[in-house]
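> Next up is a structure, given as structure tokens.
None of the figures in this text is laboratory data; all of them are computed from the coordinates on show. Since we're looking at a predicted model, the values are computed, not measured. Cβ placement follows ideal geometry from the backbone for every residue including glycine, while neighbour counts extend to all protein chains displayed.
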Amino acid sequence: MKDLSGRTALLTGASGGIGAKIAEALADAGANVVLSGRREDALADAAARVTERGAKAAVVPADLSDFDAIDPLVEAAEAALGPVDILVNNAGIELTAPFAEFTRDELTSLIDVNVTSPMLLIKRVLPGMVERGTGSIVNIASAAGHFPPAYAAHYAASKAALVALTKSLRAEYDDSPITFSVVSPGFVAGDGMYQRIVDSGVKSPKMMGTTSTEKVAAAVVRAIRNDSVEIVITGSPARPLVALGALAPKTHERLVDRLGMHSAFGQAARIRGRLR
Ligand SMILES: NC(=O)c1ccc[n+]([C@@H]2O[C@H](COP(=O)([O-])OP(=O)(O)OC[C@H]3O[C@@H](n4cnc5c(N)ncnc54)[C@H](OP(=O)(O)O)[C@@H]3O)[C@@H](O)[C@H]2O)c1
């Protein structure tokens, strides 16, 4: 979708650190934005920054762990700003602990929010996009899907699932005008879940570097415009590192350790009292 002006974007996780910036970037590109999340005050703040940019905004709160909330979310979004042309699945949660110590509920509820709800949202908006002959879907995964850390195994698995989901759908809808992209950020500084981890006392691993909420948001707009397959956006050169994972998995394994992925997530688990 080369031109986003006048398009309706449904953005989940719009109340979060990265989501609020994605909302601004979509508005700067001319799209009108339906902002969803659970915290209504944060959604209202993000919506104000959309309207300041001359775009339309609508706030539709929804808890994505409740699958029954998904159809009403899309219906309310469409009632407010018209058919959804762009879906950005950005809402997500992270948890850190030794794998065997996650409760069954923690394991399933993270997958509900990070994987199942994006799939249900895609399933809900796709038929309309196909009928109208236009649409873009962007999933926000994580570099953790490519550099899987210890102590966040099911978070990494959930993000790798979004990469596979995106690529499968691209193949399936190859002859349609609908585009599917995935944006996989590394450690994001300034705001969002990683910044909160750092604020809690975790030492940011220097070699991995950091990226910013603005760069991730710009990557979302770029992915829509260019029909990108995946944009991995980290503080260190991402492409060779991702390629190394396929070409030399054991070397990659050692590198992921050297980059400080395991120690960062291990520290987070320790600070949260989940790792001795
Ligand atoms: N920050 C990073 O370094 C980083 C790196 C790689 C990937 N990512 C990914 O980027 C995305 C955004 O992360 P962020 O850093 O902006 O995190 P964040 O500040 O914690 O924001 C997470 C967003 O997800 C929403 N959300 C969580 N659970 C939800 C639920 N049950 N129902 C509806 N919405 C829910 C939150 O809404 P409420 O707070 O209103 O409930 C919030 O808007 C996530 O998918 C994350 O995995 C982040």
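> If I take every Cα pair under 8 Å that is 6 or more residues apart in region 73-154, average their sequence separation and divide by the length, what percent do I get for the relative contact order? Don't skip to the end; give the middle numbers.
Numbers: 66 pairs, mean separation 40.1, N = 82.
Rounded, it is 49 percent for region 73-154.
> Let me ask something else about it. Placing one identical point scatterer on every Cα of region 120-179 and ignoring solvent, what is log10 I(q)/I(0) from the Debye formula at q = 0.13, 0.18, 0.30 Å⁻¹?
-0.41, -0.66, -1.20
> Report the label-to-label distance for residue 207 and residue 112 in nanometres (one decimal), using points 7 Å from each Cα along the Cα→Cβ vector.
3.8
> How large is ³J(HN,Hα) for each residue in region 205-220, as worked out from phi by the Karplus curve 6.51 cos²θ - 1.76 cosθ + 1.60 (θ = phi - 60°), to whole Hz, x for Gly and Pro?
These are the phi-based 3J(HN,Hα) values: x, 4, 5, 6, x, 9, 10, 10, 4, 5, 5, 5, 4, 5, 5, 5 Hz.
> Sort 32-40, 2-10, 242-250, 61-69 by the packing proxy (mean of other Cβ within 10 Å over each peptide's residues), most packed first.
Working: 32-40: 23.1, 2-10: 18.4, 242-250: 12.0, 61-69: 15.4.
Highest to lowest by the protection proxy: 32-40, 2-10, 61-69, 242-250.
> Separate question: What percent does the relative contact order of region 8-271 come to when contacts are Cα pairs within less than 8 Å and at least six residues apart?
On the way: 525 pairs, mean separation 48.2, N = 264.
Normalised by residue count, the contact order of region 8-271 is 18 percent.
> List the residues, sorted by chain then number, that are 5 or more residues from residue 232 or on another chain and whose placed amide H is less than 5 Å from its amide H.
184
> Can you list the lysines whose alpha carbon sits under 28 Å from that of residue 21, skipping same-chain ones fewer than 8 residues off?
2, 56, 123, 159, 167, 203, 206, 215
> As a footprinting exposure proxy, order 207, 129 by other Cβ within 10 Å, with the fewest listed first.
On the way: 207 11, 129 23.
Taking fewest neighbouring Cβ atoms as first place, the list is 207, 129.
> Determine the principal axes of the Cα atoms in region 148-262, then give the extent along each, sorted from largest to smallest and rounded to whole angstroms.
47, 33, 25
> Put one equal scatterer on each alpha carbon of region 87-164, apply the Debye formula with no solvent term, and list log10 I(q)/I(0) at q = 0.15, 0.22, 0.23, 0.25 1/Å to two decimals.
-0.54, -0.95, -1.01, -1.13
> Residue separation times 0.36 nm, minus the C-alpha to C-alpha distance between residue 66 and residue 167: what's the value?
Values: separation 101, 0.36 × 101 = 36.36 nm, distance 2.60 nm.
Taking 0.36 nm per residue and subtracting the Cα distance, the gain is 33.8 nm.
> Moving to a separate point now. In Å, what Rg and Dmax follow from the Cα atoms of the chain?
18.0, 54
> Next up: Mean residue ellipticity at 222 nm from the helices of the chain, using -39,500 (n - 2.57) per DSSP H segment of n ≥ 4 over the full residue count, to the nearest 500 deg cm²/dmol? Before the final figure, lay out each step's value.
Numbers: 11 runs with 132 residues, N = 276.
Helices in the chain give a 222 nm mean residue ellipticity of -15000 deg cm²/dmol.
> Additional query: Whole-Hz Karplus ³J(HN,Hα) for region 146-154, in order, using 6.51 cos²θ - 1.76 cosθ + 1.60 and θ = phi - 60°, x for Gly and Pro?
Listing the rounded values in order: 9, 10, x, x, 5, 6, 9, 4, 7 Hz.
> Charges only on Cβ, +1 for Lys and Arg, -1 for Asp and Glu: so what's the dipole of region 132-276 about the Cα centre, in debye to the nearest 20?
The calculated dipole for region 132-276 is roughly 600 debye.
> What do the square roots of 5 times the Cα gyration tensor eigenvalues come to for region 1-129, in whole Å, largest first, as semi-axes of the equivalent ellipsoid? If you can, show how the numbers build up before the last one.
Numbers: eigenvalues 142, 52, 30 Å².
Equivalent-ellipsoid dimensions as semi-axes: 27, 16, 12 Å.
> Quick one: Karplus J couplings for region 50-59, per residue in order, coefficients 6.51, -1.76, 1.60, θ = phi - 60°, nearest Hz, x for Gly and Pro?
6, 5, 4, 8, x, 9, 8, 9, 9, 9
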